[in-house]
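Since the structure comes first, as structure tokens, the remarks are kept for the end.
The values are calculated or read from the model by the stated rules, or taken from the named source; none is laboratory data. Bear in mind that the values here come from a model prediction, so they are computed numbers and not experimental data. Note that each Cβ is placed from the backbone with ideal geometry, even for glycine, and that neighbours are counted across all protein chains shown. What goes into the accessible areas is simple: the full protein's heavy atoms, side chains included, and nothing from ligands, DNA or RNA. Shrake-Rupley method; radii C 1.70, N 1.55, O 1.52, S 1.80 Å.
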Amino acid sequence: MKISVKAADGFSLRVSISAVRIISAGILCLNIMNSNVLPAYAGAVRSGFTKYSITVSDGTWEQQDNGTWKYRLKSDAMDYAVSCWQKDNGRWYHFDENGIMQTGFIIDNGRNYYLRPDGAMAENEVCIVDGSYYSFDADGNYHVTWYQDGAAWKYAVPGGGCVTDAWKEIDGKFYHFDSAGNMQTAFLSLGDKTYYLKPAGDMAAGETLVLNGIAYTFDADGACDKTPDEIQAAAAAQAAAIQAANEARAAALAQQAAIQAQAAAAANGNQTAKGTQSASANEKQTAEQSADSVQASSETNAAVNSTAASEAAVSVTAQSSSWPYKAITYVPSDSEKSAEYKLLDSICDSILSGIVNNGMTKRQKAEAIYAYVRGHFTYSGHSATRDWVHEAYQGLRSKHGDCFTYYASAQALLTRVGINCIEVIRSTDADHWWEMVEVEDGWWHFDTTPRKVGGYYCLWSDAQMDSFSAAHGNCFAFDHSLYPRTP
């Protein structure tokens, strides 16, 4: 059946329908099978839904005696939204056959939706429902997801709870969760086999890794070629080396404090102390060099001997005072990095070992990193911080987030292989992030965040960004004076 519906303002809608219920003049609830023309009332029709509430004006909410809510349609004081979706103040709500606003999970024409306790449909967010975490996209579709419980990562399962005491294959990789549902890392012995779970949680398989200076080979099923006793002995040796390095550093700092005290005495005019100060300065330098040597030796032994780790040794330095543009992202030395930053480096090394190698140019590495982020991340939710290190640590583990998460995660991988980056923020509203990256032939734009209109914004020029931005609502507007020009 086809019907032509004309609203009060003369707008016509031509649709094929299976049922139509006239609520009042100009207001219909339709079960639409397909449409030839979608109405101009984009704010009143939910694309992708098979039930529509088409109104020519907004309504009012009314709370019933039993605490439930109904939505009265302004155009007819006697009628309510019934058995349909209704959009109000930018959010979608659903009403049952009695006109009562619904909450919780519902099924509408074979699709599942979640209506929050306030009735609004969940979209572009993560919600906790009966103890499980669900990630919802812009159309209200949901899937189970990773979530963090304190310092531990867990993986939710439909119906509540999380994966416990089991292996779980996620995006082609295997993870193991303990009896409390915590994702495990490091070595894991099960039965007569030992496995290694990388810092990001994924199991090592079909590869050789150098961990704390010792090579371990893992077969296709993840079984290690060394026994638990051999692994334990290696860990004990590494712990002893770290302790020795810490003790050497403590001794050097104590000696430095004594030297500084002598220098203070010299500053007060003690000529004898001045002579001692010169000798002490040499002692201080010798002590620091000794401690640094022990520390460097320990750090070298602890480094993962992989292509990614070798590339990561390239340090991104601060630009000189003559640099006329926005600052290049500063990457501190290992001794300056926080514990979270070091964990982030480990996650990056694990990822990079599978996507880059020493034979690749910087441009090729940047392209590989772009493909990894675009291919493994899902856009959802909103980042809670503007600390890029923290956001990258979260993003590279959960594999979802907003534009700041995409920017931060890409930057963590790029800087880890020695590619300079500059943060770019959209100038119109300061609400979108991407970076400029420096490869062999200059600086280029690098935006890993996906867009509904499509696009692969990898190593784009200023001209490409400006052209796309002009055609899509100034989405890439930026202050050109703050950034180096692209080729």
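Points to keep in mind about this one:
- Looking across the stretch 113-131 at every residue that is β-branched (Val, Ile, Thr) and open to solvent by 20 Å² or more (accessible area, probe 1.4 Å), the one that is farthest from the chain's Cα centre (by Cα) is identified as Ile128.
- Just one of (1) surrounded by 13 or more Cβ atoms within 10 Å (Cβ to Cβ); (2) outside any strand (DSSP E or B); (3) at pLDDT below 80 fails for His143. It is (2).
- Taking the criterion of being in a strand (DSSP E or B) and closer than 16 Å to Cys458 by Cβ, the residues of the stretch 423-444 that qualify are Val424, Trp433, Trp434, Glu435, Met436, Val437, Glu438, Val439, Gly442, Trp443, Trp444.
- Sole exception among (1) among the hydrophobic types (A, V, I, L, M, F, W, C); (2) more than 20 Å from Asp387 (Cα to Cα); (3) in contact with a strand residue (DSSP E or B) (Cβ under 8 Å, 6 or more places away or on another chain) for Cys475, by number: (3)
- Unique residue being more than 27 Å from Ala205 (Cβ to Cβ), open to solvent by less than 20 Å² (accessible area, probe 1.4 Å) and either at pLDDT below 95 or touching a Cys at 6+ places or on another chain (Cβ under 6 Å) (or both) when the list is Val424, Val437: Val437
- Tyr406 meets all of the listed conditions (1) touching a residue at least 24 places away in the same chain (Cβ under 8 Å); (2) over 14 Å from Tyr372 (Cβ atoms) but one, namely (2).
- In the stretch 80-112, the residues that are of a type in the set (S, T, N, Q), surrounded by 14 or more Cβ atoms within 10 Å (Cβ to Cβ) and more than 17 Å from Glu123 (Cα to Cα): Ser83
- Of all residues in the stretch 400-417, one or more are among the β-branched types (Val, Ile, Thr), crowded, with 21+ Cβ neighbours inside 10 Å and not in a loop (DSSP other than H, G, I, E, B).
- Filtered residue count, the stretch 387-425, keeping only those that are among the hydroxyl-bearing types (Ser, Thr, Tyr), under 16 Å from Leu343 (Cα atoms) and within 11 Å of the chain's Cα centre (by Cα): 3
- Scanning the stretch 450-470 turns up no residue that is among the aliphatic types (A, V, I, L, M), at positive phi, in a loop (DSSP other than H, G, I, E, B) and free of Cβ contacts under 8 Å to residues at least 40 places away in the same chain.
- Lys168 modelled with pLDDT of 90 or more, within 25 Å of the chain's Cα centre (by Cα) and basic (Lys, Arg): yes
- Scanning the stretch 162-184 for residues that are open to solvent by less than 70 Å² (accessible area, probe 1.4 Å) and of a type in the set (S, T, N, Q) turns up Thr164, Asn182, Gln184.
- The lone exception for Gln364 - which of (1) closer than 18 Å to Leu209 by Cα; (2) open to solvent by 20 Å² or more (accessible area, probe 1.4 Å); (3) not small (Gly, Ala, Ser) it fails: (1)
- Some residue of the stretch 352-359 being open to solvent by 10 Å² or more (accessible area, probe 1.4 Å), β-branched (Val, Ile, Thr), at pLDDT below 95 and under 19 Å from Ile170 (Cβ atoms): yes
- Selection within the stretch 189-211 - free of Cβ contacts under 8 Å to residues at least 40 places away in the same chain and either on the phi > 0 side of the Ramachandran plot or surrounded by 17 or more Cβ atoms within 10 Å (Cβ to Cβ) (or both): Gly191, Thr194, Tyr195, Tyr196, Leu197, Met203, Ala204, Gly206
- Residue in the stretch 212-222 that is open to solvent by 70 Å² or more (accessible area, probe 1.4 Å), under 24 Å from Gly375 (Cβ atoms) and not in a loop (DSSP other than H, G, I, E, B) present: no
- The residues of the stretch 335-347 that are open to solvent by 60 Å² or more (accessible area, probe 1.4 Å) and hydrophobic (A, V, I, L, M, F, W, C), listed by number, are Ala339, Leu343.
Yes or no, residue by residue, for (1) open to solvent by 50 Å² or more (accessible area, probe 1.4 Å); (2) at pLDDT 90 or above; (3) closer than 21 Å to Lys154 by Cα; (4) in a helix (DSSP H, G or I):
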{"residue": "Ala318", "(1), (2), (3), (4)": "yes, no, no, no"}
{"residue": "Asp349", "(1), (2), (3), (4)": "no, yes, no, yes"}
{"residue": "Ala368", "(1), (2), (3), (4)": "no, yes, no, yes"}
{"residue": "Glu391", "(1), (2), (3), (4)": "no, yes, yes, yes"}
